[in-house]
Amino acid sequence: MGWESCGPNEVLVVSGCGHGDHPVYVPGGRVYVWPFQTFQRISLNVMTLNVVSPKVFTNQGVAVSVTGVAQVKVDASHEQMLRTACQQFLGKSEREIENIALETLEGHQRAIMGTMSVEEIYQDRQKFSEKVFEVAKSDLVNMGINIVSYTIKDISDDHGYLLALGMPRTAEVKRNATIGEAVANRDAGIKAAQADEMRMSAKFVNDIEVAKAQRDFELKKAAYDGEVNTRVSMLPLS
């Protein structure tokens, strides 16, 4: 044997003489393995699972299909969970671990779908996701697996139920868009009229100022001409 090492994404499990009933767990490191000991590895990679539940009847008797996405991994942060995972999965491939976790999630996803209405699943996906997450979490923890995340990827049906469910909202959005456009056009018209009014008012004020200036000029000119004529008339005749 000799020194054996493993990367940060796996755990080296050493058992045999010298360790009794308690193997040594080495997550991301190295350990010396004696000839009378054995070692195995278990992956700590995050596994992404597509959880598909086709045509499951909700509590209304409507069949819908849901696809969820979950991320799970063997939890090495707690020794007890790591020991449990090794007891369950040591010697199994990552694909085999994925399949076991997937079957667990599929079962819980189908069960939760059966307790909710289509409207609840469709309109409150967060609530549905939280329910699946919570019920699946306890079972997976008992296997030494931690569920990192779960979310709904898609929900569909073959009878147009979801399409009909979304039609009032679509109509509402279109109606609001039409109203919004009408209001915007009205406001634009009002602003344009106000701008025209301000422009005409400014022109009117400017015209008045010009007229006043012209009048003052003419008055001053008339006064000047009158004064000149008066002085000319007072000059002695030659």
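Observations on the structure shown:
- Top-ranked residue of segment 1-21 - restricted to ones that are outside any strand (DSSP E or B) and at pLDDT 75 or above, ranked as least open to solvent (accessible area, probe 1.4 Å): Asn9
- The set of residues from segment 90-127 being farther than 23 Å from Met143 by Cβ and either in contact with a Leu (Cβ under 9 Å, 6 or more places away or on another chain) or of a type in the set (Phe, Trp, Tyr) (or both) comprises Val118, Glu119, Tyr122, Gln123.
- Pairs are defined by a Cβ separation below 8 Å, a sequence spacing of at least 6 or placement on different chains, a first member in segment 151-164 that is within 23 Å of Val51 (Cβ to Cβ), and a second member that is among the charged types (D, E, K, R) and open to solvent by 70 Å² or more (accessible area, probe 1.4 Å); the pairs so defined are Thr151/Arg125; Ile152/Arg125; Ile155/Arg125; Asp158/Lys55.
- Filter pass, Phe39 being open to solvent by 40 Å² or more (accessible area, probe 1.4 Å) and in contact with an Asp or Glu (Cβ under 7 Å, 6 or more places away or on another chain): yes
- Candidates are the residues of segment 44-64 that are hydroxyl-bearing (Ser, Thr, Tyr) and open to solvent by less than 30 Å² (accessible area, probe 1.4 Å); the one that is farthest from Val11 (Cα to Cα) is Thr58.
- Neighbours by Cβ (under 6 Å, 6+ apart or cross-chain): first from segment 117-134, without any contact (Cβ under 8 Å) to a residue 24 or more places away in the chain; second among the aliphatic types (A, V, I, L, M): Lys131/Ile112
- Selected residue (only one of Lys92, Lys73 is within 30 Å of Gly28 (Cα to Cα) and touching a residue at least 60 places away in the same chain (Cβ under 8 Å)): Lys73
- Condition broken by Ser53, with the remaining ones in (1) in a loop (DSSP other than H, G, I, E, B); (2) hydroxyl-bearing (Ser, Thr, Tyr); (3) modelled with pLDDT of 90 or more satisfied: (1)
- Meets criteria (surrounded by fewer than 18 Cβ atoms within 10 Å (Cβ to Cβ), in contact with a strand residue (DSSP E or B) (Cβ under 8 Å, 6 or more places away or on another chain) and small (Gly, Ala, Ser)) for Gly29: yes
The values are calculated or read from the model by the stated rules, or taken from the named source; none is laboratory data. The shown structure was predicted, so the numbers you read here are calculated from the model rather than taken from an experiment. Please note: Cβ atoms are built from the backbone with ideal geometry, for glycine as well, and neighbour counts cover all protein chains shown. All accessible areas refer to the heavy atoms of the entire protein, side chains included, with ligands and DNA or RNA removed. Shrake-Rupley method; radii C 1.70, N 1.55, O 1.52, S 1.80 Å.
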